[in-house]
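Here the structure is laid out as structure tokens; the discussion comes afterwards.
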Amino acid sequence: MWKEAAKRLMQGLLVLFVLGTLTFFLVHALPYGPFQDEKAVPEHVRERLEKLHGYDKPLLTQYWLRLNNIVRGDLGSSIKVMEGREVGDILMQAFPVSLKLGLFAMLIAMAIGIPAGVLAAIRKNHLLDYLIMAVALLGICLPNFVIGPLLAEFFGRHLGWFPASGWDSRDPSAMMLPALTLGLVSAAYLSRLTRAGMLEVLHQDFIRTARAKGQKESVIIVRHALRGGLIPSIAFLGPAFAGTISGSVVVESIFQIPGIGRLFIKAIETGDETLIMGPVLLYGSLIVIANFLADLLQLWFNPRLRSRNAS
Amino acid sequence: MLPFSVPTAAHQEKGTFHPENTAKNTTNPLAGCNRALVYRALIFSRTIPVLALVCLLLPGCRRETLVGRANREGILLVGNSAEPRALDLQIVTGVPENKILSALFEGLCGDHPSDDEKMVPGMATHWEHNEDMTEWTFHLRPEAKWSDGAPLTAEDFIFSYHRMLHPELAAAYAPMLHSIRNAEAYNRDERGHILCGLDENFPTQWETLRKANFQGDPSIDAEDLANRKFASLDQGERRRLLAVKGLDRLDAGQLRAIRDTPALFDWPDEIPQASRTLVIARLLEHAEAGAPDLFEKARLGLDAPDPHTLVVSLREPVPYLPSKSRHSTWFPVPRHVILKHGKMTDRFTKWATVGNLVGNGPFQLHAWRYNHYIEVRRNPHYWNAPNVGLNGIRFYPIENPYTETRSFLAGQLHTTYSLPPDLLEKTRREYPQYLRTEPYVGTVFVRLNTTRPGLDDPRVRRALALAINREELCKYIYEGFTPAETFTPQLGDYRPPAVLRYNLEEAKALLAEAGYPNGEGLPSFALLTSRLNAGVDAIQATFRKLGIRLTVEQKDWGSYIAAQQQLEFDIAMAGWIGDYLDPTTFLDLWTRNNGNNNTGWDSPEFEALLRKAARQPNPQARLDILAQAEGKFMEAMPVLPVAWYSRLYLHRPEVHGWHPLVLDNHPWENVSLKPDSVR
């Protein structure tokens, strides 16, 4: 087991190394660089800047220096978007925002998606089921750049319940509309997964046995069926959470949220290598860690998997 | 509003409870079970989210808008398009930064709240110039202070311009100060020019001396030598490397090599041997001393005869210097704060952050919440502090103009950065009280690569210009914009000939005369753009009328800019916004060495006229010469002007002291909020 875990960890580090290397060389292959501007930058100024940021050295030397710094935990400073500010500092400000938003969005997704799915399963092939599934399909199909502005128009402008845009870490109401926008898509998926999972479990023998024993239906649903019925949904939550955090770019723009997504896009637009590398490695580590934990959990819960790996 | 979610939920419970309905369903695993209990469980599981929603909604109801609160507090809420890169005014170049900086700093002259042409006193109470406008004396306010209470003197201005021009700082906007005497040589680190050319006793005059290779010859290929040690090169390779770098860029070792082996470097014949040796000796002395700052030696045209007098000497007459000095590049920076946090030339110190930044403007930096807002508050040490109308300003970096418009209409902003043109119609109908359309010094144009076959013929370019129906474009696509009559928009007394007009027949005839009747024989062109919009379609359709087919090539912003700067395009959508109120901010673009020219076109005649204008001290005569230059430029037509910009934005009526200005630099100290004046 520990050997297996160590192996997975090494694989994760290798993934990060390849990811970082690819990013570095791809950014340097861009047809534009951080030292150009909308208005032409005078030649002597560009030379100075290149020297200042070590761009005058051969590419491989630059790569080696960057690799050394990153291994030592130094992500460097932004070259363009927020010139001179430590990438680590910038991420420390932006990541909690993305994280909070993502967590709140997942809570909303679960609060809406799971009960809706359970209800649809219980009322299978009835009006309510069709209604919920239709709404869910709509939720899956409608992109968030449609849902977002609609929510902002209605709840933000017409009703004035929540701010139409902006972020305030002290005022959770500002988080409501963006989190809802992000969460609705996941809620739609969740409701469908929950419905399918519940239906499968409700047909199984142990449910019939429970009923035969005269168990109360509410207990059957909550105690016996829900556990098994939620497995597909739980499996979905991990990747969905990672996707919500890293894929909130559009929502961040619609609602003016100071998260990582907008920063990342801006860094790419200007070829700000250090500020591209920071989020890439952060997202990369998140996904590697999530997968690593999932693998560990699976190994822990499933003895068959363990023995197969050992042999 | 609150009951909205509750009855809906209750209604659903009722609606789903139809026993006769479910009973017929034999496949339902719940058939025949105690349904009431199931539903109770479900109701419970659904009540939690509903309750959670209600709890969240409660504080949300009837909230006071941000504008309402800001009106009480005297804080102006401004949509400011983008997060500033930094607040070091000598490093940043963008408009959003400039808006914030003009609240935190003040230059020699101030902006008039309603008249672009008028100058009001800023840090200087009054100023005068000599007869040919090459020497300006600014008399500073004796009571002027920095926002930390330290006195502000002429030395601070000299320090600021020194820092701005210091080659090590690499300030991209330093050329704004190049009209100061010797500033360009210092900024570009022209060591030979400073150490030898500025010395009156030097045996050879600079006019002759400058013909030597000081700047390096980029046409020589030396890629192979880039990463090799100088000592390891043979004679021929050394010669090549020295020629590529030029005398100004050589290090001590390389200069010593030339001293010892003069054959390594080629000199023009008119420079005598003694001068050559002396040049090398001076450069070597400088390099061996560790290349110290040449500011003193460069003798810039900056002088402070007393703490409250600043004398600026220029290399040429600049009648619009007071106007130019309103640009942020001419603002002072606090020497005592910058030096506390690092060296003069450090780009990355913390001097321009919250808690450290000290300015001299009507406001001081109060909060900077990354990507959220920047707030400035009253500066009690400002010379005119009692007359500042606002308690503070909050700048929101909202990049998405639709989000910004929505925020404004939801009462979160007093004034926006821009209104998306496709919302103009609707806004005009529904919110006329908020809409502002104001002229702005800028031009939308189509850039031509005049090195491409076909486009190298001025007749073809003129034909293209004739085919553009500017009236129609401004009516339907560039709504609110003015049809361009020439490249430079209307500026004060500048009256260039209005040459642009629409005449399709003439365009066709001209094209035929050039040998391309109905566009036959012209290669196919690509129209480069960073954004697909109706303007692109319109230009495509316009060219089509002449029989010329354009493919559209969309590139991301960085690649779009790079392609133009490297002349790797045929035709490109473009725009230019003036930096100050003088036609040179538009005409200087088209000189041979200007990095923003990007057309492959240049003309010695045109540049001769610009130089003639630069030497002309009489303002009106000067503008007349510039108009002639513009005429020359429009004759060659390397770009096709389409429209003169307008700024479209939303603005609340309770904001007072805010008038249309073509440079859009509203002096913040004159703005105030009067919520009672509006119902």
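The values are calculated or read from the model by the stated rules, or taken from the named source; none is laboratory data. Fair warning: this is a prediction, and the values are worked out from it, not measured in the lab. Note that each Cβ is placed from the backbone with ideal geometry, even for glycine, and that neighbours are counted across all protein chains shown.
Quick rundown of the values:
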quantity	calculated
Pick from segment A:27-63, criterion touching a Ser or Thr at 6+ places or on another chain (Cβ under 8 Å) and touching a residue at least 12 places away in the same chain (Cβ under 8 Å), ranking: surrounded by the most Cβ atoms within 10 Å (Cβ to Cβ)	A:34
Contacts under 7 angstrom Cβ, first residue in segment A:267-281 being free of Cβ contacts under 8 Å to residues at least 24 places away in the same chain, partner of a type in the set (D, E, K, R), 6 or more apart	A:269/B:556
Selection within segment B:76-117 - of a type in the set (Asp, Glu) and under 15 Å from residue B:668 (Cβ atoms)	B:97, B:106, B:111
Breaking point among (1) touching a helix residue (DSSP H, G or I) at 6+ places or on another chain (Cβ under 7 Å); (2) closer than 22 Å to residue B:449 by Cβ, for residue B:523	(1)
Residue list for segment B:597-622, restricted to those being touching a residue at least 40 places away in the same chain (Cβ under 8 Å) and either buried (at least 21 other Cβ atoms within 10 Å of the Cβ) or among the charged types (D, E, K, R) (or both)	B:598, B:599, B:601, B:615, B:622
Members of segment A:30-49 found to be more than 7 Å from chain B (Cβ to nearest Cβ) and polar (S, T, N, Q), listed by number	none
Subset of segment B:624-660 [surrounded by fewer than 21 Cβ atoms within 10 Å (Cβ to Cβ) and hydrophobic (A, V, I, L, M, F, W, C)]	B:625, B:627, B:636, B:658
Matching residues, segment A:180-199, being more than 18 Å from residue A:105 (Cβ to Cβ) and within 11 Å of chain B (Cβ to nearest Cβ)	A:198, A:199
Residue within segment A:101-112 that is more than 30 Å from residue A:33 (Cα to Cα) and among the aromatic types (Phe, Trp, Tyr) present	yes
Output for segment B:538-553, where each listed residue is free of Cβ contacts under 8 Å to residues at least 24 places away in the same chain and either more than 13 Å from residue B:464 (Cα to Cα) or of a type in the set (S, T, N, Q) (or both)	B:540
Whichever residue in segment B:594-626 is basic (Lys, Arg) and modelled with pLDDT of 90 or more and, among such residues, is nearest to residue B:488 (Cα to Cα)	B:622
Flag for residue A:196 being in a helix (DSSP H, G or I), under 21 Å from the mean Cα position of the chain (by Cα) and not charged (D, E, K, R)	no
Residue in segment A:242-259 that is nearest to residue A:142 (Cα to Cα), counting only those that are at the interface with chain B (Cβ under 10 Å from one of its Cβ atoms) and in contact (Cβ under 8 Å) with a residue 60 or more places away in the chain	A:250
Among the candidates A:228, A:238, A:243, A:214, residue that is at pLDDT below 85 and outside any helix (DSSP H, G or I)	A:214
In segment B:218-260, residue nearest to residue B:191 (Cα to Cα) [restricted to those that are modelled with pLDDT of 85 or more and within 14 Å of another protein chain (Cβ to nearest Cβ)]	B:248
Subset of segment B:82-126 (residues that are hydroxyl-bearing (Ser, Thr, Tyr) and over 16 Å from residue B:146 (Cα atoms))	B:93, B:114, B:125
Residue match in segment B:443-456 (condition: crowded, with 19+ Cβ neighbours inside 10 Å, within 14 Å of another protein chain (Cβ to nearest Cβ) and farther than 21 Å from residue A:152 by Cα)	yes
Filter result (among the charged types (D, E, K, R) and either assigned to a loop (DSSP other than H, G, I, E, B) or touching a strand residue (DSSP E or B) at 6+ places or on another chain (Cβ under 6 Å) (or both)) within segment B:146-172	B:148, B:155, B:168
Test result for residue B:134, away from chain A (no Cβ under 14 Å), modelled with pLDDT of 95 or more and closer than 27 Å to residue B:307 by Cα	no
Matching residues in segment B:299-312 - criterion: being assigned to a strand (DSSP E or B) and buried (at least 21 other Cβ atoms within 10 Å of the Cβ)	B:302, B:310, B:312
Qualifying residue in segment B:536-553 (condition: touching a Phe, Trp or Tyr at 6+ places or on another chain (Cβ under 8 Å) and loosely packed, with under 14 Cβ neighbours inside 10 Å)	yes
Number of positions in segment B:394-430 that are at the interface with chain A (Cβ under 7 Å from one of its Cβ atoms) and polar (S, T, N, Q)	4
Exclusive hit being surrounded by 19 or more Cβ atoms within 10 Å (Cβ to Cβ) and free of Cβ contacts under 8 Å to residues at least 40 places away in the same chain, set A:85, A:66	A:85
Residue, nearest to the other protein chains (Cβ to nearest Cβ), within segment B:174-191, restricted to residues that are in a helix (DSSP H, G or I) and in contact with a Gly (Cβ under 9 Å, 6 or more places away or on another chain)	B:185
Count - residues of segment B:567-596 that are touching a residue at least 60 places away in the same chain (Cβ under 8 Å), of a type in the set (Asp, Glu) and farther than 22 Å from residue B:536 by Cα	2
Filter result (within 22 Å of residue B:388 (Cβ to Cβ) and not aliphatic (A, V, I, L, M)) within segment B:69-83	B:69, B:71, B:72, B:73, B:74, B:79, B:80
